[in-house]
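Student: Could you have a look at this structure, given as structure tokens, before my questions?
The values are calculated or read from the model by the stated rules, or taken from the named source; none is laboratory data. Computed from a predicted structure; not experimentally measured. In this analysis, Cβ positions are derived from the backbone assuming ideal geometry, glycine residues included, and neighbour counts consider all displayed protein chains. To get the accessible areas, we keep the full protein, side chains included, count just its heavy atoms, and leave off ligands, DNA and RNA. Shrake-Rupley method; radii C 1.70, N 1.55, O 1.52, S 1.80 Å.
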Amino acid sequence: MSHMRKYILLLMVFFTVAASAQTDDIASLIDKKQFDPSTLIWFNTPASKWEEALPVGNGRLGAMVFGKTGQERIQLNEDTYWSGGPYSSVVKGAYKALPEVQKDVFAGKFMEAHNLFGRQMMGYPVEQQKYQCLGNLILFFNGHDKATNYKRWLDLATGITSTSYTVNGVTYRRDVFASSPDKVIAIRITADKPGSISFKANLRGVRNQEMSNYTTDYFRMNSDGDDCLVLTGKSGDYMGIKGMIRYEARVKAVTEGGTVTVKDNIDLVVTNANAVTLYFVAATNFVNYKDVSAGQHARVMNALQNIKSKTVDGIRAAALADYQKLFKRVSFNLSNTDSSFLPTNRRMIALQSSSDPSLACLCYQFARYAMISCSRPGGEPANLQGIWNQDANPMWDAKYTTNINTEMNYWPVETGNLPECAEPLIKFMHEITDEGAKVAKEHYNARGWVLHQNTDLWRVAAPMDGPTWGTFAVGGAWLCTALWEHYAFTTDTAYLRNIYPVIKGSVQFFMDFLVMHPNGKWLVTNPSTSPENFPLRPGNGEYYDEVTGITLPGTTICAGSSIDMQILYDLFSYYNKACGILKTDEDFAAKVLQARNKLAPPQIGKSGMLQEWTDDWGQLEDKHRHMSPLYGLYPGNVISPVKTPQLIDACKKLLDERGDESSGWSRAWKLGLWARLYDGERCYKIFKGYLKDQCFPQFFAKGGSVMQVDATFASAAAIAEMLLQSNEDYIDILPALPSEWPTGEIKGICARGNFEINMQWINGKVVKVEVLSKSGNKCHIKIHDGSKFTMSFNGTRVNANAVNDGSVEFSTVKGGVYTLIVQ
């Protein structure tokens, strides 16, 4: 029997037939164990709290579906509903204090520098605005509290979340899906007995909790005719910024049989219907970060008019085609076990003591589903909670935190074959240069633009939240990595030309901001910080922070933190490459390259660990969650076993010292770091711990005790890194495969150079790789374990140049598919 035939037979044994995307009767398939465990999330109980609900979204509208029987709650969001309005946080003339701050830092007078920066250089207001909850749709089903045969699920293959149960011999079903083409969220309610559907619906706004510097917004619940509920309102005032967002939301009922009416302007009542579809539409007056002049009412009415003559089947078909165009680009299969067919929350628990490889596929594909649902062209970037938020005052404001979290949201976009989903971040980067340039001028007397550690819908860029956090001046530079990565994966020179001014502006700022270290050898940032980590140095004791109102262990302020230096090394390198590709700014590029080579290099401290600061300090907080000094290993491209083998033991020692346990986003970062270190077993250990301790049952991650999306996305990016890496200028196949995933396949995963890869492996060994060359670039590839292979194109053997590291290089044609067969 041939090797390939053995492989195919094993796939038939290991992989259950994927039926969920081809049938409407998934509830029965769950009972029969005929669904695909790699694309179906399911539970046999309703969500008991918001964090357990199932999400849908079309990039702009989002909903969390609880799946309750007697009283269902569907929580609703719109991505531009934020507090405040267009504003600036720039403080004119703040740069005048900069020389004194820098002098104090170099003199070791860190608290003096901290206090001066806080009083003279912080932005005002001192905090950003908040992403807010739009409302809730509540459905009351009389007598449905005691249901049997209960199931709820999210089918990632279709993007539809469903609830099914039986009451008094009648089986009811609710399907909820979000349509990007038709700009609606649809709730479809059916029963297997005619005339069985009766319920009451409310569309409710959300009251803000009263708090300091916050003014309660208002909303009004109303109706329009006998089949439509209306919710209107405005955003809250915060930190002295007037709430300028106006919104309108509507729920329109379309019944099949029975009657529908509205009572007291707030209760939509359906009686004895055969089927009902509720269409949720919503809009705000937001145009962009400077303009709130749109007509929210006209936007909503246009959306309703657009679907007026359409059937729910037609709307669902269009939504499905639009969604699957993106989602189906990547398929990922690992072997199933008995545990694979358990409800998803029980699968996560069972994984701690039994094997369930395909759970990793489900985790990976949920992240791709969530990205498609919350980051679409024309919309806003995914914030700390994507687009899903139930609070008027969410934890950490559900804003854009750019000292790790916003960047982390977009780590899986390119490898996950979802380049369109990067468009909101690319647009955001163009827009942030507006306020960023004002901050550069007024706060640093510098050219270009700068963004610190936080921002919001209104694209403010000044340092915020006090000097402990606010001296992180490389947030924008880090985001430029995402801009470059989009080029590296697509090799689109028109795109590169478009984003070149953004990258150049960031480079210009740091060319002005960098100063010579007192040792006379290094260029460093000053002031600087290593995010949220307090160095253990003489005199760094507790102090009361006037801005945040909490007691902190000293100050984080420093010069030339390791993460600053590594981010700038990457930024200057990318910029130099861009200049060469576009044949522009050669003289400036040469100066930037000279500056890059003077940046303070990575250093190993007396403990044997990679240093976090230019000085060899310890840290006040044990097991700190940020892995900042390892940015250059992942997601950066400064440190690696190939380029800097002399630093790898120091990286591992730092990772060991910080430990595997931490917050969700920290564990996901560590998962990617160990993948770059080619340690699949350590990756799998961290992955299991992440699912056990830092993951809600539908795969949203925990940020403390609340939902965040960052680790959801970062864990998927790390899984991709375990299977394929291309950061070393070659494609590396299976660099960190754990022994728990011995047999599998992934199709559609992407590599730098604009290559799309299909690969199959058995017993930990690659058996076949297909390379689609989308641009016709030269391909440089290796199998990580050194296995030899032959290559063919259209049945003809390809001659390739062997490289002494076991890799090969060969030319490709655009659209060509090249097959690698292991010998």
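Student: Identify the single condition in (1) in contact (Cβ under 8 Å) with a residue 40 or more places away in the chain; (2) among the β-branched types (Val, Ile, Thr); (3) open to solvent by 20 Å² or more (accessible area, probe 1.4 Å); (4) under 27 Å from Glu52 (Cα atoms) that Thr344 does not satisfy, given that it satisfies every other one.
Tutor: Of everything listed in (1) in contact (Cβ under 8 Å) with a residue 40 or more places away in the chain; (2) among the β-branched types (Val, Ile, Thr); (3) open to solvent by 20 Å² or more (accessible area, probe 1.4 Å); (4) under 27 Å from Glu52 (Cα atoms), Thr344 misses just condition (3).
Student: Hey, another quick one. Just to check your reading of the model, which residue among Gly816, Gly748, Gly753 is closer than 24 Å to Val330 by Cβ and over 30 Å from the mean Cα position of the chain (by Cα)?
Tutor: That would be Gly816, the only listed residue that is closer than 24 Å to Val330 by Cβ and over 30 Å from the mean Cα position of the chain (by Cα).
So that you can scan it fast, the table gives a plain yes or no per residue for (1) over 30 Å from the mean Cα position of the chain (by Cα); (2) in a loop (DSSP other than H, G, I, E, B); (3) over 22 Å from Thr493 (Cα atoms):
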residue: Lys768; (1), (2), (3): yes, no, yes
residue: Leu772; (1), (2), (3): no, no, no
residue: Asn777; (1), (2), (3): no, yes, no
residue: His780; (1), (2), (3): no, no, no
residue: Asp785; (1), (2), (3): yes, yes, yes
residue: Ser792; (1), (2), (3): yes, no, yes
residue: Asp805; (1), (2), (3): yes, yes, yes
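Student: Looking for something polar (S, T, N, Q) and out of contact with any strand residue (DSSP E or B) (no Cβ under 8 Å at 6 or more places or on another chain) - is there at least one such residue anywhere in region 777-785?
Tutor: Scanning region 777-785, I find no residue that is polar (S, T, N, Q) and out of contact with any strand residue (DSSP E or B) (no Cβ under 8 Å at 6 or more places or on another chain), so the answer is no.
Student: Continuing with this model, one more query. I need the full set of residues from region 589-614 which are open to solvent by 40 Å² or more (accessible area, probe 1.4 Å), touching a residue at least 12 places away in the same chain (Cβ under 8 Å) and in a helix (DSSP H, G or I), in order please.
Tutor: Lys591, Leu593, Arg596
Student: Sticking with this structure for a sec: Do we find that Lys688 is open to solvent by less than 10 Å² (accessible area, probe 1.4 Å), out of contact with any His (no Cβ under 9 Å at 6 or more places or on another chain), farther than 25 Å from Val56 by Cβ and basic (Lys, Arg) in this structure?
Tutor: So Lys688 fails the test.
Student: Right, another one. Within region 73-82, how many residues turn out to be crowded, with 24+ Cβ neighbours inside 10 Å and over 22 Å from the mean Cα position of the chain (by Cα)?
Tutor: Total satisfying the criteria: 1.
Student: May I ask you to say which residue of Pro641, Pro629 is closer than 26 Å to Val515 by Cβ, not hydroxyl-bearing (Ser, Thr, Tyr) and not in a strand (DSSP E or B)?
Tutor: Only one candidate qualifies: Pro629.
Student: On the given criteria, is Phe699 open to solvent by less than 10 Å² (accessible area, probe 1.4 Å), under 28 Å from Trp396 (Cβ atoms) and assigned to a loop (DSSP other than H, G, I, E, B)?
Tutor: yes
Quick grid of which residues meet (1) of a type in the set (Val, Ile, Thr); (2) open to solvent by 50 Å² or more (accessible area, probe 1.4 Å); (3) on the phi < 0 side of the Ramachandran plot; (4) under 27 Å from the mean Cα position of the chain (by Cα):
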residue	(1), (2), (3), (4)
Tyr569	no, yes, yes, yes
Thr584	yes, no, yes, no
Met627	no, no, yes, yes
Val638	yes, no, yes, yes
Ala650	no, no, yes, no
Lys653	no, yes, yes, no
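Student: Also, I was wondering about something else. Any idea how many residues of region 615-652 are free of Cβ contacts under 8 Å to residues at least 40 places away in the same chain and more than 18 Å from Asn533 (Cα to Cα)? Even if it seems obvious, please write down each step before you answer.
Tutor: To start, the set of residues in region 615-652 that are free of Cβ contacts under 8 Å to residues at least 40 places away in the same chain comprises 616, 622-623, 641, 645-646, 648, 652.
Remaining after also requiring more than 18 Å from Asn533 (Cα to Cα): 641, 645-646, 648, 652.
Total meeting the criteria: 5.
Student: Moving on to the next point. Filter region 83-126 down to the residues that are among the aliphatic types (A, V, I, L, M) and either part of a helix (DSSP H, G or I) or open to solvent by less than 30 Å² (accessible area, probe 1.4 Å) (or both) and list them by number.
Tutor: Correct list: Ala94, Ala97, Leu98, Val101, Val105, Met111, Ala113, Leu116, Met121, Met122.
Student: Here are some residues: Val330, Val300. Which one is under 17 Å from Leu61 (Cα atoms) and either open to solvent by less than 30 Å² (accessible area, probe 1.4 Å) or at pLDDT below 95 (or both)?
Tutor: Being under 17 Å from Leu61 (Cα atoms) and either open to solvent by less than 30 Å² (accessible area, probe 1.4 Å) or at pLDDT below 95 (or both) holds for just one of Val330, Val300, which is Val300.
Student: Is it true that some residue in region 671-681 is open to solvent by 10 Å² or more (accessible area, probe 1.4 Å), at pLDDT 95 or above, part of a loop (DSSP other than H, G, I, E, B) and of a type in the set (Ser, Thr, Tyr)?
Tutor: Yes - at least one qualifying residue is present in region 671-681.
Student: Quick one: would you say Ser38 is in contact with a helix residue (DSSP H, G or I) (Cβ under 9 Å, 6 or more places away or on another chain), open to solvent by less than 10 Å² (accessible area, probe 1.4 Å) and at negative phi?
Tutor: yes
Student: Given the conditions (1) modelled with pLDDT of 95 or more; (2) surrounded by fewer than 21 Cβ atoms within 10 Å (Cβ to Cβ); (3) part of a strand (DSSP E or B); (4) not aromatic (Phe, Trp, Tyr), which single one is not true for Ile746?
Tutor: With (1) modelled with pLDDT of 95 or more; (2) surrounded by fewer than 21 Cβ atoms within 10 Å (Cβ to Cβ); (3) part of a strand (DSSP E or B); (4) not aromatic (Phe, Trp, Tyr) applied to Ile746, the lone miss is (2).
Student: Which condition breaks for Thr555 when tested against (1) part of a loop (DSSP other than H, G, I, E, B); (2) of a type outside the set (Gly, Ala, Ser); (3) touching a Pro at 6+ places or on another chain (Cβ under 8 Å); (4) at pLDDT 95 or above?
Tutor: (4)
Student: Which of (1) open to solvent by less than 10 Å² (accessible area, probe 1.4 Å); (2) over 18 Å from Arg658 (Cβ atoms) does Ser739 not meet, given it meets every other one?
Tutor: Ser739 satisfies all of (1) open to solvent by less than 10 Å² (accessible area, probe 1.4 Å); (2) over 18 Å from Arg658 (Cβ atoms) except (1).
Student: All but one of (1) in contact with a Lys or Arg (Cβ under 8 Å, 6 or more places away or on another chain); (2) assigned to a helix (DSSP H, G or I); (3) surrounded by 24 or more Cβ atoms within 10 Å (Cβ to Cβ) hold for Glu423; which doesn't?
Tutor: Tallying (1) in contact with a Lys or Arg (Cβ under 8 Å, 6 or more places away or on another chain); (2) assigned to a helix (DSSP H, G or I); (3) surrounded by 24 or more Cβ atoms within 10 Å (Cβ to Cβ), Glu423 fails exactly one: (3).
Student: Can you tell me which residue is farthest from the chain's Cα centre (by Cα) among those in region 449-459 that are within 23 Å of Ser530 (Cβ to Cβ) and assigned to a loop (DSSP other than H, G, I, E, B)?
Tutor: Trp449
Student: Which one of these does Pro742 not meet: (1) over 27 Å from the mean Cα position of the chain (by Cα); (2) free of Cβ contacts under 8 Å to residues at least 60 places away in the same chain?
Tutor: In the conditions (1) over 27 Å from the mean Cα position of the chain (by Cα); (2) free of Cβ contacts under 8 Å to residues at least 60 places away in the same chain, Pro742 misses (2) alone.
Student: Look through region 516-552, keep the residues that are polar (S, T, N, Q) and loosely packed, with under 11 Cβ neighbours inside 10 Å, and return whichever of them is modelled with the lowest pLDDT.
Tutor: Among those that are polar (S, T, N, Q) and loosely packed, with under 11 Cβ neighbours inside 10 Å, it is Thr551.
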